[in-house]
Amino acid sequence: MTKTETLANFIYYGGVPEYVKQIQVDEKQADLFADSILRTIVEKDIFQRLNITNKHDFNKILDFIFDSVGSYVSPRSVSDTLRSQGTVVDKETVAKYLDAMCEAYLIYKVPRFEIKGKGLLQTLNKYYVVDPCFAKVRLKKGILKDRSHWLENMVYLELVRRNRDVFIGKRNNLEVDFVVTDNDGYTSYYQVAWTTENPETLERELASLRAIKDSNPKYLLTTDNDFNPVYDGIRKLNVIDWMLQS
């Protein structure tokens, strides 16, 4: 199995040790195990603690968030989407449920940071899932078709493990996947893509980093194997090699 195939498996199955162990024997049984963990977290750490009785609406929001990794989300956008599907939940309730998911460490809320103005923005955050196995068993569908966003999910969790603060970056109308402040207070920028072998894709991913005019380190993480080229000071790294550092 190649490194890229191993990475794809990690993005699909996640890193819960017992789940990964059970997959080797019986994937259906492993899914039941992961689903039982998820249900226990939701029931004990959220429903019982917050005395939530409208479990149907909560589960609809949970499914929405699990299916929206790497996309901009606000309580209003969730409310409007569910309303169009026949489920009426006001944005205040959505916000309450999202906070509960974060407090239970099922998801992580990542606010946007205006790079030019150096301030946090109040709308359209992103949410990342603590482990993709929960999305796999919850949504009951493959997530590899959206592998770039799940790669982004993986990079986010690793950046949080290594650093002090991680935000979504905004520079005018361009998005930078992550603005990172390390434990010594230094800033760096990261763009994440599954591959940039297509020249148009490469230019699009580089554009967001090129728009940042400061001299802080800038990185493009992909699964490509092209000997770590540098574009106008932007270092392109293989994400697997990057993950295995430190």
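Tabulated data
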item: Where a label projected 7 Å from the Cα of ASP214 along Cα→Cβ would reach, residues of the range 170-184 with amide N under 16 Å; result: 170-172, 176-184
item: At most 15 other Cβ within 10 Å, DSSP loop - GluC sites (Glu not before Pro), the range 173-246; result: GLU197
item: Charge dipole (the chain, unit charges on Cβ, about Cα centre) - positive-most of ILE240, THR53, PRO111; result: THR53
item: Zone of VAL88's modelled label, taken as backbone nitrogen in the range 51-69 under 14 Å from a point 7 Å along Cα→Cβ; result: none
item: Of LYS126/LYS236; LYS21/LYS140; LYS3/LYS218; LYS28/LYS91, pairs whose Cα-Cα distance is over 27 Å; result: LYS28/LYS91
item: Residues of type aspartates and glutamates that LYS96 reaches as a straight line, Cα spacing below 15 Å, ignoring anything fewer than 8 places off in the same chain; result: ASP45, ASP57
item: For the chain, calculated [θ]222 nm from helices alone, where every DSSP H run of n ≥ 4 adds -39500 (n - 2.57); result: -13000 deg cm²/dmol
item: Between helix 91-103 and the chain: long-axis angle, C-alpha atoms, 0 to 90°, nearest 10; result: 80
item: Relative contact order for the range 59-117, counting Cα pairs under 8 Å that sit 6 or more residues apart, in percent; result: 26
item: Between helix 27-40 and the chain: long-axis angle, C-alpha atoms, 0 to 90°, nearest 10; result: 80
item: Exposed-loop-free span, longest in the chain, where chymotrypsin sites (Phe, Trp or Tyr not before Pro) count as exposed if DSSP calls them loop and at most 15 other C-beta atoms lie within 10 Å; result: 106-185
item: Spatially proximal aspartates and glutamates relative to LYS141 (Cα-Cα < 17 Å; intrachain offsets below 8 disregarded); result: GLU27, ASP31, ASP35, ASP63, ASP67, ASP131
item: Additional length obtainable on full extension of the chain from TYR231 to LEU139, 0.36 nm per residue less Cα span; result: 29.2 nm
item: Prolate/oblate/rounded call for the chain, Cα gyration tensor, a/c under 1.5 rounded; result: oblate
item: Over the chain, relative contact order from alpha-carbon pairs under 8 Å, at least 6 apart, %; result: 15
item: Acute angle (nearest 10 degrees) that the helix 199-210 long axis makes with the longest principal axis of the chain, alpha-carbon atoms; result: 90
item: Mean separation of Cα contacts under 8 Å (6+ apart) over length of the range 28-161, as relative contact order %; result: 27
item: Cα gyration tensor, the range 156-233 - rounded (a/c under 1.5), prolate or oblate; result: prolate
item: Highest-MSF residue in the chain out of SER148, SER84, SER188 [GNM, Cα springs under 10 Å]; result: SER84
item: Phi to ³J(HN,Hα) by Karplus 6.51 cos²θ - 1.76 cosθ + 1.60 over the range 71-81, Hz, x for Gly, Pro; result: 10, 5, 9, 9, x, 5, 5, 5, 4, 5, 5
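Throughout, read-outs are computed from the coordinates displayed, never taken from laboratory work. The model shown is predicted, which means the values in this text are computed figures rather than measured ones. Don't worry about glycine lacking a Cβ; one is built from the backbone with ideal geometry, like all the others, and counts go over all protein chains shown.
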